[in-house]
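Shown next, in structure tokens, is the structure this report addresses.
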Amino acid sequence: MSTMSRFSSLLLAAAGLLAASVAAAQQRGYGIGHKITDAQIAPWNIDIGGEDGKGLPPGKGSVAAGEKLYVQQCASCHGEFGEGNGRWPELMGGQGSLRGEDPRKTIGSFWPWAPTIFDYVRRTMPFTAPQSLDNDETYAVVAYLLHLNDLLPADAVLDAKSLTTLKMPNRDGFIAGDPRPDVKAQPCMKDCKTGPVKVLSDLAKSLGVTPTQKPKD
Amino acid sequence: MNTGRRGFFGRSLAAGGIAALAAQHPKIAAASGGLDGKPLEVPDWTKMLGPGVTAAPYGAPSEFEKDVVRRNVPWLTVSEQASINFTPLQDLDGIITPSGLCFERHHGGVPAIEPDLHRLVIHGMVRQPLIFTMSDLVRFPSVSRIHFLECPANGGMEWKGAQMAGVQFSHGMVHCCEWTGVRLSTLLEEAGVAPAAKWLLAEGADAAAMTRSIPLDKALDDVIVAYSQNGERIRPEQGYPLRLIVPGWEGNVQVKWLRRLKLGERPWQHREETSKYTDLMPDGKARQFTFVQEANSVITAPCPEKPLKAKGFCEIRGIAWSGRGKISRVDVSLDGGANWQTAELQTPVLDKCLTRFRLPSRWQGGPVFLQSRAIDETGYVQPTIEQLRQVRGVNSVYHKNSIHTWRVNQDGSVDNVQVL
């Protein structure tokens, strides 16, 4: 509802009881649902603004504390140095690879905003025990991830302020705003190509990477 | 029918043995079924009673359709909880995907949510933060719409070349269902959005606590907070009891297990809109917030899973869809894109919805290069893979909607190929 109409609702309310109830109905639409306070929402209100760090909690954690926690709770999947165990995601490296044939998109090479790491780790890592880390633990393990990516020294301590001011290497690597449609094809109907069909890629069958049609028992 | 079998049938029913009854399901007596010149036989199932109305309180497909299932690609992801499976498009007709066959994409597995305990919170830049129970939400004016829903990584395994020998895997990250729920705009009005709010964050209640930022313009336009899918409550793997339906936009923003909507001034820049679901271009920059699923189409019959079995008449069938609106035309080529014929569209053609197309044809036994090309009501024409690659290279992962080619071989088998 606009400020104008809310203002006029107030006028109506002043004019009499009936008008007041009409205004109340307008203000609360269908009147379905229940009021809730910020204090009540707090346990769910965990989102952090990636750009401005809005929502980052008080607390802090050191690279050293993060290393301990990482070895215990993260390294089994992400590798001792964030290199990724087997096919589990890697969390470091890849700088300079984004333009190459095999881009490696990691925290260090790709993520544009540091507070996003805090948000993600606190909401969903470790994978098998999400939302089990407290704020200090999250700061610590994020500090260690940044250290693994050469973005924090070994003796650093991370808090809301230092996380928000840390500039990620790929901060300017994103283009917001959708440039599509970026390909303008024409619906040619007749003789659109000449000569025999040129097959560019014909490996689908021989690659053998397609699962069979039998369902998994 | 011999009396011994009837006797057994009766006993197992008396014992309430549904499983035993299923095991006794009669098989066809004569395998040739009248195709060998001999007189037809009357099969067992015509000569005995079948199960009654209490046998299957919730029906399931025929036992003979057991191969019509979602399938995953084990090498694609290391974990089955942060993974994807694929809709068996080769086995489906029409435009509605049966709920149990809709592809699944989760980042933290499927939560088992008790609907009585589920809550939706709307807060942030609103006049009055509100919390809703499921029964609150069902009380609001409702709306039902049929929309496709596609993962932006659909086809993403084939940017560099044809790889998957089947339409289930080349195109199966799409489904189309009727969704019922309350308009998001209705809920936002209830909470009163502050004039300065421009975006909202949608968050799931799953182990990934999935979050995506959505522009307010779209939220107020046609987004639904849905509780039903194809007439019944949403399936657990599709977001039970509550999910967002964001018509025409990439699947990831249609947050499942929806628990929270927060209004704000700018996007949150969370992991799924920076590290993932961004399109890396050849210059090393990544496009962000590329929400819409551009027009796409694929032939589902024939396809690698459904080879041609006989020469002669053959109806070429497929599906087309566009996140920008209605499909206005689909053309089919039999010669790899040199010449095209316009296919028939099954009506009604709906907005941001799968559209079934078909073209009657004859197969003479020679190799054929089948393609389909969708055009939507904005005039957008589905491009070739080469046209896409020229602009976007091969590393963008997402939003590959190019014209697809099936080569029908001499023996009727069908291969996934890419042609110039």
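The values are calculated or read from the model by the stated rules, or taken from the named source; none is laboratory data. This one's a predicted model, so the numbers in the text were calculated from it and none came from an experiment. Quick reminder, even Gly has a Cβ in these numbers, built from the backbone with ideal geometry, and neighbours come from all protein chains shown. Quick note on the areas: whole protein, heavy atoms, side chains included, nothing else; ligands and nucleic acids left out. Shrake-Rupley method; radii C 1.70, N 1.55, O 1.52, S 1.80 Å.
Values computed for the structure shown
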{"read-out": "Residues of segment B:331-355 satisfying the condition of being within 30 Å of B:Ser144 (Cβ to Cβ) and touching a strand residue (DSSP E or B) at 6+ places or on another chain (Cβ under 6 Å)", "value": "B:Ala343, B:Glu344, B:Leu345, B:Gln346, B:Val349, B:Leu350, B:Lys352, B:Cys353, B:Leu354, B:Thr355"}
{"read-out": "Neighbours by Cβ (under 7 Å, 6+ apart or cross-chain): first from segment B:47-74, away from chain A (no Cβ under 14 Å); second charged (D, E, K, R)", "value": "B:Met48/B:Arg6"}
{"read-out": "Sole residue being under 26 Å from B:Leu200 (Cβ atoms), in a loop (DSSP other than H, G, I, E, B) and open to solvent by less than 70 Å² (accessible area, probe 1.4 Å), chosen from A:Asp119, A:Asp47", "value": "A:Asp47"}
{"read-out": "Residue identified as assigned by TED's automatic domain parsing to the domain that holds B:Val121, crowded, with 23+ Cβ neighbours inside 10 Å and aromatic (Phe, Trp, Tyr) among B:Trp249, B:Trp199", "value": "B:Trp249"}
{"read-out": "Qualifying strands (runs of 3 or more DSSP E) (wholly inside segment B:117-220; at least 3 residues being of a type outside the set (S, T, N, Q) and within 13 Å of chain A (Cβ to nearest Cβ))", "value": "B:120-124, B:130-132, B:199-204"}
{"read-out": "Matching option when the condition is of a type in the set (A, V, I, L, M), modelled with pLDDT of 95 or more and open to solvent by 10 Å² or more (accessible area, probe 1.4 Å), among B:Ala219, B:Ala226, B:Ala205", "value": "B:Ala205"}
{"read-out": "Hits in segment B:375-399 - residues which are at the interface with chain A (Cβ under 7 Å from one of its Cβ atoms), more than 23 Å from the chain's Cα centre (by Cα) and crowded, with 19+ Cβ neighbours inside 10 Å", "value": "B:Leu388, B:Asn395"}
{"read-out": "Residue that is nearest to the other protein chains (Cβ to nearest Cβ), among those in segment A:124-145 that are open to solvent by less than 50 Å² (accessible area, probe 1.4 Å) and among the β-branched types (Val, Ile, Thr)", "value": "A:Thr124"}
{"read-out": "Pair list, Cβ < 6 Å and 6+ apart or interchain, from segment A:42-62 residues that are within 22 Å of B:Arg266 (Cβ to Cβ) to residues that are of a type in the set (Ser, Thr, Tyr) and crowded, with 17+ Cβ neighbours inside 10 Å", "value": "A:Gly50/A:Thr116; A:Gly53/A:Thr164"}
{"read-out": "Of residues in segment B:400-420 being at the interface with chain A (Cβ under 8 Å from one of its Cβ atoms), at pLDDT 95 or above and under 28 Å from B:Leu280 (Cα atoms), the one nearest to the chain's Cα centre (by Cα)", "value": "B:Asn416"}
{"read-out": "Any hit, segment A:160-175, residues being within 7 Å of chain B (Cβ to nearest Cβ), open to solvent by 40 Å² or more (accessible area, probe 1.4 Å) and within 30 Å of A:Phe118 (Cβ to Cβ)", "value": "yes"}
{"read-out": "Entirely in segment B:225-311, the strands (runs of 3 or more DSSP E) that have 3 or more residues that are in contact (Cβ under 8 Å) with a residue 60 or more places away in the chain and closer than 25 Å to A:Asp47 by Cβ", "value": "B:258-264"}
{"read-out": "Selection from segment A:51-105 of residues that are within 17 Å of A:Val142 (Cβ to Cβ), part of a loop (DSSP other than H, G, I, E, B) and open to solvent by 90 Å² or more (accessible area, probe 1.4 Å)", "value": "A:Lys54, A:Pro58, A:Phe81"}
{"read-out": "Candidates B:Thr186, B:Thr180 - the one that is β-branched (Val, Ile, Thr), farther than 30 Å from B:Val298 by Cα and out of contact with any Leu (no Cβ under 8 Å at 6 or more places or on another chain)", "value": "B:Thr186"}
{"read-out": "Close pairs from segment A:192-217: first at the interface with chain B (Cβ under 7 Å from one of its Cβ atoms), partner open to solvent by 80 Å² or more (accessible area, probe 1.4 Å) and at pLDDT 85 or above, Cβ under 6 Å, at least 6 apart", "value": "A:Lys198/B:Leu420; A:Leu200/B:Leu420"}
{"read-out": "Yes/no for B:Ser372 being open to solvent by less than 10 Å² (accessible area, probe 1.4 Å) and part of a loop (DSSP other than H, G, I, E, B)", "value": "no"}
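Yes/no matrix, rows are residues, columns are (1) out of contact with any Lys or Arg (no Cβ under 8 Å at 6 or more places or on another chain); (2) crowded, with 18+ Cβ neighbours inside 10 Å; (3) not acidic (Asp, Glu):
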residue	(1), (2), (3)
B:Leu40	yes, no, yes
B:Tyr58	yes, no, yes
B:Glu65	yes, no, no
B:Asn85	no, yes, yes
B:Leu92	yes, yes, yes
B:Leu117	yes, no, yes
B:Leu120	no, yes, yes
B:Val126	yes, yes, yes
B:Ser135	yes, no, yes
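Matching residues to (1) modelled with pLDDT of 95 or more; (2) over 30 Å from B:Lys160 (Cβ atoms); (3) away from every other protein chain (no Cβ under 14 Å):
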residue	(1), (2), (3)
A:Leu10	no, yes, no
A:Ala20	no, yes, yes
A:Asn45	yes, yes, no
A:Ile48	yes, yes, no
A:Leu56	yes, yes, no
A:Trp88	yes, no, no
A:Leu91	yes, no, no
A:Pro103	yes, no, no
